[in-house]
Amino acid sequence: MGRSILFVAGEGLPFVKTGGLADVIGALPKALVQKGHDARVVLPLYSKIIEKHYDKLERLGTIQIHSGWIDQPATYYKAEADGVIYYFVEHQGYFEREGLYGYEDDGERFAFFQRAVLDMIYFIDWWPNIIHSNDWQTGMIPLMAHACYADDYRYQSIKHVYTIHNMAFQGNFGVDMLPTCLGLDYSYFDDGSIKFDTGISFMKAGIVYADKITTVSPTYSNEILTETYGERMDAVLRYRRGDLWGIVNGIDTDLWNPKTDKLLAKNFDVKSYASGKKANKLALQKKLGLEETDKKPLIGLVSRLTNQKGVYMITDRIREIMGMDVQFVVLGTGEANAENAFKWMEQEYKGQAVYYCGYNEDLAHLIYAASDLFLMPSLYEPCGIGQLIAMHYGALPVVRETGGLKDTVQPFNQYTGEGNGFSFWAANADDMVYTLRWAVEQYNTNRPGWKGLVKSAMTTDVSWNQSAGVYEQLYYEICNWPDE
Ligand code: ADP
Ligand code: GLC
């Protein structure tokens, strides 16, 4: 029998996206619905959603939310996409802003959101078996559900899954958040359960109070138990390691399908790969003002430009990379140093390198389709969505062996011909350049080997099918019900 699961997150496709979390929220619930579960999603109603999707929203009603000193109205909306019901929490002051996160009052905004989500359950009178919370924005939900509704058995019988998509973003706030915004007393600080330094941590609350914790790849689930990757949460994670699962992400293969993708210059599959790649490369070169040639390998990079993504290994070695006689297309925004370095690259290597500074989903599709190689040398990577899309579009990933990159990219073995990409282990630029050079050499000199790699990349199962099945197992396990 199917379970009912409410996914709570700070972003989700097809409504709003800043990174891979949105890809997951747009695809995993859909995969679960297809497996017969009642999976729904709730998100804050940001300006970006109102601008693009207002006509799809159905207004459900308004209630007053009380959480500590917060006494504010929440208006709920509903929409359907791909068979999944999405709910939205509207509060003009908190959510109708230019961006999603990164504001001074994020603690208050997401305290309100979490409480409004929990209140929504009785308002719509839909009682899920499981609430599946994601990242710091939703980490307080398991504790709030228990502490703020202690005498309501309906809340007490809900089970909680908490998924960590990135250990670095923890939602750490001052201790006064407890009475002012969360309606909780100081005992949760005093007993240490959500204490972090001198304040509290939403992420730690999720780790301590959820029934099960997951993260987005098996390797990352081991890495975060160590001091190097644990972002100072490794001790509490080790304490809960028995309940920690590492489940690798997939991608939405309806949205990301080179055979049907309307944003490409030419559709292709594994058989028509060569001509498809060529046509998309030409279209991208034309669009971005690159030299129009199919002789040079094209390296793509679509990413947040932050230290996590290993971008400084790249910016430090631009001359060596461009010296390989390649074309390089970078799409992304982020830290000023990285952006400036790529702006310089574009000036220095006119016609061979382009930096598009911005967020552009349409262009991302074309870059994946046009690239021969996809560079993703992350210092750490919980899962990574970019390399999965790249493989599916016949762009071979060049990655560092960490987190989900290690779990999803099988490095080329020149003796057996096996593999679906290239990888290196140490987080240093020499190894990255060496591996990239080797990959470029394969492209230039080993056509049969390259073809085999592309074939194996494009036929690697990057869909949600398998992983949705693992989440299903997890839900069955925590619901503790015999299966009908
Ligand atoms: P993270 O979530 O850490 O940023 P992921 O690899 O999991 O990294 O997911 C990134 C997602 O965001 C991918 O779908 C990628 O294509 C997309 N993306 C990143 N930067 C941009 C951009 N500037 N324009 C369009 N899409 C982007
Ligand atoms: C985070 C991680 C990324 C992961 C994504 C979705 O943004 O940085 O590795 O793929 O979440 O889980």
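Laboratory data are not the source of any read-out in this text; all were calculated from the coordinates shown. Treat the numbers as computed from the prediction; the structure is a model and nothing was measured. Using ideal geometry, Cβ is built from the backbone for each residue, glycine included, and neighbour counts are taken over all protein chains shown.
Which of TRP344, TRP69 has the fewest other C-beta atoms within 10 Å, and how do the rest follow up to the most?
TRP69, TRP344
Tell me, what ³J(HN,Hα) does each residue in segment 271-287 have, in order and in whole Hz, if you take phi through Karplus 6.51 cos²θ - 1.76 cosθ + 1.60 with θ = phi - 60° and put x for Gly and Pro?
Values, residue by residue: 6, 9, 3, 4, 6, x, 4, 4, 5, 6, 5, 4, 5, 5, 4, 4, 4 Hz.
How do THR402, THR214 line up, fewest other C-beta atoms within 10 Å first?
Lowest count first: THR214, THR402.
Run the Debye formula on the Cα coordinates of segment 1-105, all scatterers equal and no solvent, and tell me log10 I(q)/I(0) at q = 0.15, 0.19 1/Å.
Cα-only, vacuum Debye calculation for segment 1-105: -0.64, -0.98.
Return the long-range amide H neighbours of LEU396 (sequence gap of 5 or more, or a different chain), with a cut-off of under 5 Å between placed amide H atoms.
So LEU396 has HN proximity to LEU373, PHE374.
Scan around ILE85 for amide H atoms under 5 Å from its own, H built in the peptide plane at 1.01 Å from N, and keep only partners 5 or more places away or cross-chain.
Here VAL41 satisfy the definition.
Mind checking the alpha-carbon convex hull of segment 324-391 and giving the volume per residue in Å³?
111 Å³
P(r) for the chain, please, calculated from all Cα pair distances in 10 Å bins and given in %.
Pair shares across the bins are 4, 20, 29, 25, 15, 6, 1, 0.
LEU60's amide H: which non-local residues (gap 5+, or another chain) put their own amide H closer than 5 Å, with H modeled 1.01 Å from N in plane and none for Pro or chain starts?
Answer set, sorted by chain and number: TYR76, TYR77, LYS78.
More than 16 Å apart: what percent of Cα pairs in segment 228-268 qualify?
Here the tail beyond 16 Å accounts for 61 percent of pairs.
Please give me the summed charge of the neighbours of VAL440: other residues whose Cβ is under 10 Å from its Cβ, Lys and Arg +1, Asp and Glu -1.
Value of the local net charge: -1.
Once phi is turned into θ = phi - 60°, what whole-Hz ³J(HN,Hα) does the Karplus curve with 6.51, -1.76 and 1.60 give for every residue of segment 108-118, x standing for Gly and Pro?
5, 4, 8, 5, 4, 4, 5, 5, 5, 5, 5
Given a cut-off of 29 Å, name the pairs among LYS266/LYS295; LYS271/LYS296; LYS78/LYS266; LYS30/LYS295 whose C-alpha atoms lie farther apart than that in the structure shown.
The answer is LYS78/LYS266; LYS30/LYS295.
Spelling out what I want: for every residue of segment 24-39, take phi, set θ = phi - 60°, compute 6.51 cos²θ - 1.76 cosθ + 1.60 (Karplus), and round to whole Hz; glycine and proline get x.
Karplus values, whole Hz, x for Gly and Pro: 5, 5, x, 10, 5, x, 4, 5, 6, 4, 5, 8, x, 9, 9, 9.
With r defined as the distance between the Cβ atoms of ASP325 and SER4 and R0 fixed at 56 Å, what FRET efficiency is calculated, to the nearest 0.05?
Plugging the Cβ-Cβ distance into 1/(1 + (r/R0)^6) gives 0.50.
Determine, for ASP55, ASP407, ASP23, the number of other Cβ atoms within 10 Å of each Cβ, and report the residues in order from fewest to most.
The most exposed by this proxy come first: ASP55, ASP407, ASP23.
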